[in-house]
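Undergrad: One structure, pasted below without further comment.
Taken together, the values in this text are just the output of simple stated rules run on the coordinates, not laboratory data. Since the model is a prediction, treat every value here as computed from it, not as a measurement. A quick note on method: Cβ atoms are made from the backbone with ideal geometry, for glycine too, and the neighbour counts reach across all protein chains shown.
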Amino acid sequence: MHIHGRPTVAEVSLAALRHNCRRVRELVGPGVAVLAVVKADAYGHGAVPAARAFLAAGAWGLGVSSVAEGAELRRAGVSAPIVVLGGVFAGEEQAVVAGDLEVALWDADRARALASPSRPVRVHLKVDTGMTRLGLDLARVREFGELVRGTPGLEIAGVFSHFASADAVDTAAARAQAARFAGAVEALAAAGIRPRHVHLANSAGVLAAPGAHFTMVRPGIMLYGYAPASHLAERAAIRHALRLSTAITQIRRVPAGTPVSYAGTFVTARPSTIATLPVGYADGYHRLASNRAQVVVRGRRAPVAGRVCMDHTMIDVTGVDGVERGDRVVLFGDGLGADELAAWCETISYEMLTAVGRRVPRVHVEEWGDA
């Protein structure tokens, strides 16, 4: 890999993205549509290239959080169905119509504001089955469905809910949610409302709750190569798609007793070789990685030495033979997953991926080359 300028880069494998989407399709079977979730810039992977990869691999459509995210895909020429899962705010109605976006809906005021005389707006009724975040109370589902059906300019295209756990859907609480959702679908059917798209399953649901697949699934994290829980990794059979790497800019050989980085929280216990990397918390490399995380250089693990700075991080490469300035260093993705880094930083892989900063260029390649 040849990089000019600052060497910190996020490489995204398009082949891995396509593989992961095809794996979802294998797991749910031909009768279930896949709504590939590309919100938050496709979990940091680049929304437009990721969207195209998933569509090429057979996704029915794309899920985003906001109208602005949907409009970005439309401006890039993406013509597939786009569902705005986070709903619509006042003033965004015209953009919904102009972008031919499908939107989540649970509020009567928004329903009236969205109604379009020029082109019916397709809506997905959102039901709160236990997340206590957004959506209709179960007792209001039928009434609201009838209200929307009776509003000219709106078309009910879907009904959905969201598991309160992103990683464990084989629990009594998750099964109760699925049952409540099925009851909401039945309540709509009793009123003669039978949306084409009925969706509940997230990545964990895809992997572990076939009864929750309904007519469509909404995978997120597994599309990017991470199982939502370690016990699901083998079944997932997916590939990490993003590799965050940089290169050593300086190497210093220092005596025992040398403090490293801010406040000297790391002090060398022996004569040591300390390497400086041009990456820091402004790039999304979390400050909690300080004195905890490891990186991969020349195929070997090396620990982070001292506090992660805004723009730089130091590592102890004393145990890495032949290390030189310019050597590539993998922060996560190849030989060290974002989930492993997340554990050191007391968070989850989702945050590690979405936190990679805007100043880190995304380079989309078919497959990763050598780091």
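Undergrad: Counting only Cα atoms, I'd like the Rg/Rh figure for region 153-248, Kirkwood definition for Rh.
TA: 1.11
Undergrad: Can you give me the pair-distance distribution of the chain, C-alpha pairs, 10 Å bins, whole percents?
TA: Taking all Cα pairs of the chain, the binned fractions are 5, 23, 27, 21, 13, 7, 3, 0 percent.
Undergrad: With n ≥ 4 as the cut-off for DSSP H runs, can you work out [θ] at 222 nm for the chain, using -39500 (n - 2.57) per run divided by the number of residues, rounded to the nearest 500?
TA: -8000 deg cm²/dmol
Undergrad: Highest mean first, what order results for 193-202, 337-346 on Cβ atoms within 10 Å?
TA: Output ranking for 193-202, 337-346: 193-202, 337-346.
Undergrad: Step through the residues of region 283-288 one at a time and calculate ³J(HN,Hα) from phi using the Karplus curve (6.51 cos²θ - 1.76 cosθ + 1.60, θ = phi - 60°), rounding each to whole Hz and writing x for Gly and Pro.
TA: Karplus values, whole Hz, x for Gly and Pro: 9, x, 8, 4, 5, 5.
Undergrad: While we're on this one: Take every Cα-Cα pair in region 29-88 and report what % of them are more than 19 Å apart.
TA: 19
Undergrad: Sorted from fewest to most neighbouring beta carbons within 10 Å, what does the list E234, E69 look like?
TA: Listing E234, E69 from fewest to most nearby Cβ atoms yields E234, E69.
Undergrad: Just need the Rg to Rh number for region 132-189, please, alpha carbons only, Kirkwood Rh.
TA: Reported Rg/Rh, Kirkwood definition of Rh: 1.03.
Undergrad: Once the dipole of region 51-114 is set up with Lys and Arg at +1 and Asp and Glu at -1 on Cβ about the Cα centre, which of L73, G58, A90 lies farthest towards its positive end?
TA: G58
Undergrad: For labels at N291 and V267 in the simple 7 Å Cα→Cβ model, what's the distance in nm?
TA: Computed distance between label sites N291 and V267 equals 1.1 nm.
Undergrad: Now a separate question. Separation of region 117-131 and region 275-354 by C-alpha centroid, Å?
TA: 42
Undergrad: Right, something else. Simple spin-label model, 7 Å along Cα-to-Cβ: R180 to D109 in nm?
TA: Distance between the two pseudo-spin positions: 2.4 nm.
Undergrad: A follow-up question, please. I need the helices of the chain that pass two filters: whole DSSP H segments spanning 18 Å or more by Cα along the axis, and mean Kyte-Doolittle score no lower than -1.0.
TA: Span-like helices in the chain: 14-28, 172-190.
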